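Right, one structure below, let's go through it.
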Amino acid sequence: MNRALAGSFVTLGVTSLVGQVLLVRELAFVFSGNEFFIGWILFGWLFWSALGAGIGGRIGRAEKTPHSLARAHLWAAAALPAVFLLIRANRPLLGTLPGAVPDLLPAMAFSFIVLAPLCVGLGRQFTVGALVGAAGQPLEPGGSAGRGYAFETAGFVLGGLLFSWIGVLLEPVRVVGWLGFLNVAIGYVLCVAGQSRGVVLRLALVAALLALAPAALRGERIGRRLEAWRFPGQVLVESRQSIYGHLAVTALDRQLNYHENGLLLGAENEPQASENLAHLPLLAHPAPRRVLLIGGGFNGVLGEILKHAPERVDYVELDPAWVELARKYGAAARRAALDDPRVRVAFDDGRHFLKRAAPGNYDVVLVNLPNPATTLINRYYVREFFRDVRRHLAPGGVLAMRLAFAPDYLGPELERLGASIYKTLRAEFASVALLPDYELLFLATAEPTLPPAADEWIARYAARGLDNDFAIPPAIRLRLETDRIAQVRAAFAADSAAQLNRDDRPIACQYQLAYWLRSFHPRAAAVAMRLGETTWPWGAAAAAAAALAMAVAVRGRRTQRFGAWGMGIGSFSLMAGELVLLIAYQAQCGYLYYKLALILAALMAGMAAGTALGSRRRAGAGTGTLAAIHVLVAVCGIALTGFLHWIETAGVGSEAGLQAAFLAWAAALGGLAGYEFPVANRIYLAGVRVGRRRAGVVYAVDLAGSCAAALPVGLWAIPVLGTRATLGLVAGLNLAFAAFAARRKLADGVAACDDAKEEKQRA
């Protein structure tokens, strides 16, 4: 029975980790790939899991059986496919057109509610397992719950490794099917081990196995049908699961559209956008011989660049699948441009490619990416990237990038976003030109002036023998009209609240979020704008308020409160650190989608090791130990700020070294959280009367603490305050708790001495 119970906890860990990563990736479609909403998704996951753990702690004696635990596994096997299907159908359910951004508030409500059936069941399952393990024996501090936590964490690690090595390339429907198989199998083992005679349950397990078989064995065919739900009104030409994201090519009439993680990257027939992005920057340079194009070469820009007869064009695309799809479905001119001998295609991250390239190598650098709505895209709008580009531009070289714009009405949100990018460019380049239209084109150079007079542009147009449909001399003169440029420049210069956009403070994502909200909820957009103006003193005030509330909560002589509060603050800190690591990894490496499961596996591996060590420490594990743990958490947070500053300024020698460093930090954070769990559980249970002990209270508090951090840290602290300020505030909160705990230990010692004296006097 012990082996079956251990297998149950391991299965719970595998299901939780793989299910979490899988559903985060699926829900990325709802938010157009915005990584900051990972915090919101985790908030929903942890909220419902904590609720389930709390419900599980209140079950009756009759439910503390292997039969009940087998039913919990059956529920997981049924709930995961149901939730998956609902997420796939999100756009029809929300009424969102393909390629369009959804109404944010309904999207947030949907992603929160849809996780409830699965997560409540998983949270309850842990507590039921702990109670089954403790049935018939006293509930010792750190006993069955601690062992269950360790086995669950081991399952987390196993699930993360399996998904990183195998599952990341599989059709998600197949992953869902095999997870269901695993839960059905362990449910049947529990029935046998527990000598359950429940015929109905066994028949239900067999029925679930048969229902899941098509998903596990024919997942690709089913997945394609489900994928079509995401693009109502369009024909799904092809969808592909890449290690970097989920790609889809759709057709509407005779136009091909390219989507990545729900975000519309471009369309086949966009000659106006392609011509403007290519010709205006290249005309700004007298003789563009070497050109670098980052992203979007499949939508016609590459062919327009070649009209200027460059000697060489380096086209950098992270995902090779996009080039394969362009060769397969693109027009003949698109394929010819990719096969031109002057074009060298590099499948690499654009920023990493630049770091390896020779300095002073390019006359023009073109960034063909959407607005900085995600961290993946925002990393090409930050000061660190602009600094790298400046080093790689030849004398007179030009950087060009674009921003979706509205020339007739410059709203406050769009103005703030444009001003932030403009000020960030000005921090690295001597001259930044603004060419407004329905797309605002930024041209930056180290030279004192840019661009030249309109007549010079027209002369270059004629000399190069250009014959365009949209980027023609009259249109060029209109883009260079000085009054329009001066109006936009003055608006940007007057916006004193706009902040520089950096890797450690991706504030442009916050401004883009406000711009997103403006389309549906102007009042919510105004709130987002005000939140974007907050600075670290506001964060310090929030941390101080939290410390004060904590001081009130743990007053008195109820020592067990420190166990629960310590675990809550520890899990809050872990979630904050986890989100900081994820966002920082995306900023530095650019492929979080690929490595998400591996980072979480490293976090859980550290947690498993920490839990094992904490479970062995029995004697002397009291409030003093708890205080020491939180001092270490604070020190770890401060050290992590130093590490992030180091890699942002000096960098790490290799990409492999950088990835290893992030994995090591994830393991360290997980180790501290894992070590604290059995210690906090022991402190809590030791202070509660035996008759009132409830398994899973500290586990529920653990989940609740993580839940409390997911929303404010992910959607506010990191983009607005920055990663280092966020870690500093978390460190301060842990030091405050350590001080309270140390004071409690001293008070307990004094009280013990007083009790001893009184006893001696009575004697």
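The values are calculated or read from the model by the stated rules, or taken from the named source; none is laboratory data. Worth saying up front: this structure is predicted, and the values here are computed from it rather than measured. Positions of Cβ are generated from backbone atoms using ideal geometry, with glycine treated the same way; all protein chains shown enter the neighbour counts.
Does at least one position in region 588-597 carry a residue that is under 29 Å from PHE385 (Cβ atoms), buried (at least 18 other Cβ atoms within 10 Å of the Cβ), aromatic (Phe, Trp, Tyr) and modelled with pLDDT of 90 or more?
No, the conditions are met nowhere in region 588-597.
Can you name every residue in region 16-32 that is at negative phi and in contact with a strand residue (DSSP E or B) (Cβ under 9 Å, 6 or more places away or on another chain)?
ARG25, GLU26, ALA28, PHE29
Kindly evaluate GLY577 against the criterion of being within 13 Å of the chain's Cα centre (by Cα) and farther than 24 Å from ARG356 by Cα.
Yes; evaluated as a whole, the condition is true for this residue.
Inside region 420-442, can you point out the residues that are outside any helix (DSSP H, G or I) and aromatic (Phe, Trp, Tyr)?
If the condition is that a residue be outside any helix (DSSP H, G or I) and aromatic (Phe, Trp, Tyr), then PHE429, TYR438, PHE442 are the ones that fit.
Any chance you could count how many residues in region 446-459 are charged (D, E, K, R) and under 45 Å from the mean Cα position of the chain (by Cα)?
So the answer is 1.
Determine if region 643-650 includes at least one residue that is within 26 Å of GLN20 (Cβ to Cβ) and at pLDDT 85 or above.
Yes, region 643-650 contains a residue that is within 26 Å of GLN20 (Cβ to Cβ) and at pLDDT 85 or above.
I'd like to know if region 121-130 contains one or more residues that are within 19 Å of PHE231 (Cα to Cα) and crowded, with 22+ Cβ neighbours inside 10 Å.
no
Somewhere in region 1-9, is a residue of a type outside the set (Asp, Glu) and under 29 Å from the mean Cα position of the chain (by Cα)?
yes
Looking at this structure, is ALA661 in contact with a helix residue (DSSP H, G or I) (Cβ under 6 Å, 6 or more places away or on another chain), assigned by TED's automatic domain parsing to the domain that holds GLY590 and either at pLDDT 80 or above or more than 30 Å from PHE385 (Cβ to Cβ) (or both)?
Spelling it out, it is not the case that ALA661 is in contact with a helix residue (DSSP H, G or I) (Cβ under 6 Å, 6 or more places away or on another chain), assigned by TED's automatic domain parsing to the domain that holds GLY590 and either at pLDDT 80 or above or more than 30 Å from PHE385 (Cβ to Cβ) (or both).
Could you list, ordered by first residue, the pairs with Cβ atoms under 7 Å in which the first is in region 416-442 and free of Cβ contacts under 8 Å to residues at least 12 places away in the same chain and the second is buried (at least 21 other Cβ atoms within 10 Å of the Cβ), at least 6 apart or interchain?
What qualifies is ARG426/VAL432.
Of VAL206, VAL168, VAL192, which residue is under 23 Å from the mean Cα position of the chain (by Cα), outside the structural domain of ILE476 (by TED's automatic domain parsing) and within 30 Å of GLY129 (Cβ to Cβ)?
Answer to the check: VAL168.
Taking the residues in region 479-491 that are without any contact (Cβ under 8 Å) to a residue 24 or more places away in the chain and over 39 Å from the mean Cα position of the chain (by Cα) as candidates, determine which candidate is nearest to LEU277 (Cα to Cα).
So, considering only residues that are without any contact (Cβ under 8 Å) to a residue 24 or more places away in the chain and over 39 Å from the mean Cα position of the chain (by Cα), the one nearest to LEU277 (Cα to Cα) is GLU481.
If I filter region 400-407 for residues that are at pLDDT below 90, part of a helix (DSSP H, G or I) and not assigned by TED's automatic domain parsing to the domain that holds LEU592, do I get at least one hit?
No; the residues of region 400-407 include none that is at pLDDT below 90, part of a helix (DSSP H, G or I) and not assigned by TED's automatic domain parsing to the domain that holds LEU592.
For ALA498, indicate whether it is at pLDDT 90 or above and either crowded, with 23+ Cβ neighbours inside 10 Å or charged (D, E, K, R) (or both).
Against the criterion (at pLDDT 90 or above and either crowded, with 23+ Cβ neighbours inside 10 Å or charged (D, E, K, R) (or both)), ALA498 qualifies.
What residue, of LEU318, LEU292, LEU325, is among the hydrophobic types (A, V, I, L, M, F, W, C) and modelled with pLDDT of 95 or more?
LEU292
Given (1) crowded, with 21+ Cβ neighbours inside 10 Å; (2) of a type outside the set (Val, Ile, Thr); (3) in a strand (DSSP E or B), where does GLY396 come up short, assuming only one miss?
Failing condition for GLY396: (1).
Given the conditions (1) loosely packed, with under 14 Cβ neighbours inside 10 Å; (2) in contact with a Lys or Arg (Cβ under 9 Å, 6 or more places away or on another chain); (3) at pLDDT 90 or above, report the number of the one that LEU435 does not fulfil.
Failed condition: (1).
Filter region 241-267 down to the residues that are assigned to a loop (DSSP other than H, G, I, E, B) and at negative phi and list them by number.
Matches in region 241-267: ILE243, TYR244, ARG254.
What are the residues in region 285-295 that are of a type in the set (Gly, Ala, Ser) and crowded, with 24+ Cβ neighbours inside 10 Å, if any?
Answer for region 285-295, where residues must be of a type in the set (Gly, Ala, Ser) and crowded, with 24+ Cβ neighbours inside 10 Å: there is none.
Please find, among LEU338, LEU302, LEU283, LEU292, the residue that is closer than 23 Å to VAL382 by Cα, in contact (Cβ under 8 Å) with a residue 12 or more places away in the chain and not assigned by TED's automatic domain parsing to the domain that holds LEU236.
Answer to the check: LEU292.
Is it the case that GLY223 is surrounded by 15 or more Cβ atoms within 10 Å (Cβ to Cβ), farther than 30 Å from LEU393 by Cα and assigned by TED's automatic domain parsing to the domain that holds GLY7?
Criteria met by GLY223.
Out of region 187-220, which residues are at pLDDT below 80 and part of a helix (DSSP H, G or I)?
Of everything in region 187-220, those that are at pLDDT below 80 and part of a helix (DSSP H, G or I) turn out to be VAL192, ALA193, VAL199, ALA216, LEU217, GLY219, GLU220.
Take GLY121 and tell me if it is assigned to a helix (DSSP H, G or I) and modelled with pLDDT under 80.
No.
On the given criteria, is LEU417 more than 25 Å from PRO310 (Cα to Cα) and either part of a helix (DSSP H, G or I) or not assigned by TED's automatic domain parsing to the domain that holds ARG351 (or both)?
Against the criterion (more than 25 Å from PRO310 (Cα to Cα) and either part of a helix (DSSP H, G or I) or not assigned by TED's automatic domain parsing to the domain that holds ARG351 (or both)), LEU417 qualifies.
Kindly provide the set of residues from region 613-635 that are assigned to a helix (DSSP H, G or I), surrounded by 19 or more Cβ atoms within 10 Å (Cβ to Cβ) and in contact (Cβ under 8 Å) with a residue 60 or more places away in the chain, ordered by number.
Residues satisfying the conditions are GLY614, SER615, THR623, LEU626, ALA627, ILE629, HIS630, VAL633, ALA634.
Quick one: would you say ILE55 is assigned to a helix (DSSP H, G or I) and either touching a strand residue (DSSP E or B) at 6+ places or on another chain (Cβ under 7 Å) or surrounded by fewer than 20 Cβ atoms within 10 Å (Cβ to Cβ) (or both)?
Answer is yes for this residue.
May I ask you to list the residues in region 347-378 that are crowded, with 17+ Cβ neighbours inside 10 Å, small (Gly, Ala, Ser) and more than 30 Å from TRP516 (Cα to Cα)?
ALA357
So that you can scan it fast, the table gives a plain yes or no per residue for (1) modelled with pLDDT under 70; (2) closer than 30 Å to ARG25 by Cβ; (3) surrounded by fewer than 19 Cβ atoms within 10 Å (Cβ to Cβ):
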position: LEU548; (1), (2), (3): yes, no, yes
position: ALA553; (1), (2), (3): yes, no, yes
position: ARG557; (1), (2), (3): yes, no, yes
position: GLY563; (1), (2), (3): no, no, no
position: MET567; (1), (2), (3): no, yes, no
position: MET575; (1), (2), (3): no, yes, no
